[in-house]
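A.B. asks: Quick one: structure below, then a few questions.
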Amino acid sequence: MIRNFVRFSRQVAAIVAVGVGATLAQTDSRAAVMFHFDFIDAPGAGFNAAGSLGADRRAGLAQAADYISGVLGSAYTANIYLTVNGTVTADTTLANASSNFNAAFPGNGFGSAGDVMLKILGGDAADPAPATPDGEVNYNFEDFDWEPLSDFQPGELDLISTAIHELTHAIGFASDILQTGGSAWGDPAGTPSAWSPFDEFVADASGALIDGTFALDGARWDVASVGGTGPVNGLLFNGPNAMAANGGNPVALYSPTTWDSGSSGSHLDTDYYTGMNGTIENMMNHASSIGEGLDLRTYTAIELGILRDIGYTQLGMVPEPASILLTLAGVACIHAAARRSRQRRA
């Protein structure tokens, strides 16, 4: 079987050879998982922009990687190599990230993990394609204004927050279920197949959608995948750790009434987790409520529960990224900016 789907690379084909641009590893020497970035932009463009602008963009991405590595902790050891392109133009897409998938068909079940996740859980020896990148990161600097660190000006978006969100997709926070209910390996709904670790816990109000034979219930999927806002009619995540963090309740996944390719099923429900009515806003909501300025830069307990459920069972102490330590006056100024929903996330 040939895998025909690459997560969260909707505009750019997966890169399978290392580029010739500048390279940078993250800076947290305590981390056991190290992200190495190969910046393939031309000199003077994107992450290789001249002077402090390019340096700050690269540093912001490294800070995001430091945070994720700190969350993963010392139990996992791997070197993750990602190509980075900052000259993507897609008008409404701010950024995206993905893991490459070079492993052979793993057999029916929930073992269809990307190269990034395989290496984090199994170490560098688990790399299915040595000497090639493990995934990619893309940013749109042409259509959007970004603050790479924490010196926000009006109209600037938070590069670090968005990078944490996108890198989290690359480490496995994503569903492989296609709009049709089929698998990424080409098997239709109702047929046993291989699914991502995340998919083991994709459910509706009646329970898991993939049964013990590893076949997805297509009729229930057709209803729940476009079920709308909240934890009644739409898709849910029912992993035990996520539910424990959510008061014993399944977690609502983003499942708008019109399928949103690249977002539906692979994010928490933006329209439900708003920070209002007893809910909290999450890093992995499909969109942010912050139109500009400092955004979320840490996971919630729900997201940490999901990471544990999909296989990261030995998370470390959750760090606060150093870049979030702004003056109170600066924070007040940032949050005085207009709040509007923005489709920031692929």
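A.B. asks: Would you work out the charge dipole size for the stretch 57-127 about its Cα centre, treating the Cβ of every Lys and Arg as +1 and the Cβ of every Asp and Glu as -1, and quote it to the nearest 20 debye?
C.D. replies: Dipole magnitude for the stretch 57-127 comes out near 120 debye.
A.B. asks: Which value, in Å to one decimal place, does the Kirkwood hydrodynamic radius take for the stretch 86-235 when every pair of different Cα atoms is included?
C.D. replies: Value: 17.3 Å, from the Cα pair sum.
A.B. asks: How far apart, in nm, are two points set 7 Å out from the Cα along the Cα-to-Cβ line at Asp91 and at Thr213?
C.D. replies: Placing both labels 7 Å beyond Cα along the Cβ direction yields 4.4 nm.
A.B. asks: In what order do Trp259, Trp195 fall by count of nearby beta-carbon atoms within 10 Å, going from fewest to most?
C.D. replies: Listing Trp259, Trp195 from fewest to most nearby Cβ atoms yields Trp259, Trp195.
A.B. asks: Please report, in debye to the nearest 20, how large the charge dipole of the stretch 109-221 is about its Cα centre when each Lys and Arg carries +1 at its beta carbon and each Asp and Glu carries -1 there.
C.D. replies: Dipole about the Cα centre, nearest 20: 580 debye.
A.B. asks: Still on this structure, please answer the following. With each label point set 7 Å from Cα along the Cα-Cβ vector, what nm distance links Thr77 and Asn249?
C.D. replies: 4.3
A.B. asks: Report the charge-dipole magnitude of the stretch 199-262 in Debye, nearest 20, computed about the Cα centre from +1 at each Lys and Arg Cβ and -1 at each Asp and Glu Cβ.
C.D. replies: Approximately 180 debye in magnitude.
Bear in mind these aren't lab numbers, they're just calculated from the coordinates by the rules spelled out. Everything numeric in this text was worked out from a predicted model, so none of it was measured. Positions of Cβ are generated from backbone atoms using ideal geometry, with glycine treated the same way; all protein chains shown enter the neighbour counts.
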